[in-house]
1. For residues in the range 156-182 being part of a helix (DSSP H, G or I) and among the polar types (S, T, N, Q), which is nearest to LYS197 (Cα to Cα)?
2. Go through the residues of the range 17-39 one by one and say whether even a single one is among the aromatic types (Phe, Trp, Tyr) and touching a residue at least 12 places away in the same chain (Cβ under 8 Å).
3. Out of all the residues in the range 110-127, which are of a type in the set (Ser, Thr, Tyr), part of a helix (DSSP H, G or I) and within 17 Å of GLU170 (Cα to Cα)?
4. Within the range 141-155, identify whether any single residue is farther than 30 Å from GLU45 by Cα and in a helix (DSSP H, G or I), and answer yes or no.
5. Could you grab me the full set of residues in the range 143-152 that are free of Cβ contacts under 8 Å to residues at least 12 places away in the same chain and of a type outside the set (Gly, Ala, Ser)?
6. Would you check if there is a residue in the range 90-103 being closer than 30 Å to THR174 by Cβ and not in a helix (DSSP H, G or I)?
7. Any idea which of SER46, SER113 is touching a residue at least 24 places away in the same chain (Cβ under 8 Å) and exposed (fewer than 15 other Cβ atoms within 10 Å of the Cβ)?
Amino acid sequence: MLGYRDADVENILRFYAQKQVEPEFIAFSERRKCDLSIVARHIYESDLTRKQETEYLASLWNDDKSFWQVLFGYNYLYFKKQVDIEMNKLLGVYPDLTVSPPTVILDEVPLESLSLLAIREREPAEYREIKDDVFARCTDAKGFITCAVSGFKSQMRRDFQIDHIKPMSEGGLTTLKNLQVLSRKAHTEKTRLENLKR
């Protein structure tokens, strides 16, 4: 699954455990049903009176098949304020308003201060180069990779993990000098011992 957080999965499981029903989701194909600018345009083009507008919004809000209450935290006031903002845009209340997407300014974080996982996501080619260099340094002429701690040897990369000599939690960087190859067993034991120190 792309773009999920562990907390999202936990919340879904908790919901299911409590209610014994699957939570409802908004399908991407139906996201236009959650567009307040369409609601505002309907009110504007239908020239609804204030009373008709109030009734129309109440019907949307109370519709069991809509997601308005969920989207606005079950707070009708938030929903109404957003509809008012969309109406004001249509009425030209904000004549000098130019809507532009926000500018995202990324922090310039040096690669060596990132974890290997973060480097893999940000710079896949750089990640592969680092990984290949670390494994090359720990591989003998016959193609055997040697664990830096236990001395275990194998020709299969999958038997090993790349590890920081000085952990990042203690200020270690992701540099070739600070990376080593450990067998999976040695890596598990090293991690266990480091966690005991905390």
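Derivation of every value follows stated rules applied to the coordinates shown; laboratory data play no part. What you see is a predicted model, and the numbers here were worked out from it, not measured in a lab. All Cβ positions, glycine included, derive from the backbone under ideal geometry; neighbour counts span all protein chains shown.
1. SER169
2. no
3. SER113
4. Taking every residue of the range 141-155 in turn, none turns out to be farther than 30 Å from GLU45 by Cα and in a helix (DSSP H, G or I).
5. The answer is PHE144, and nothing else.
6. Taking every residue of the range 90-103 in turn, at least one turns out to be closer than 30 Å to THR174 by Cβ and not in a helix (DSSP H, G or I).
7. SER113
This table checks each residue for (1) closer than 30 Å to HIS164 by Cα; (2) in contact (Cβ under 8 Å) with a residue 40 or more places away in the chain.
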| site | (1), (2) |
| --- | --- |
| SER59 | no, no |
| LEU71 | no, no |
| LEU90 | no, yes |
| PRO95 | no, no |
| LEU106 | yes, no |
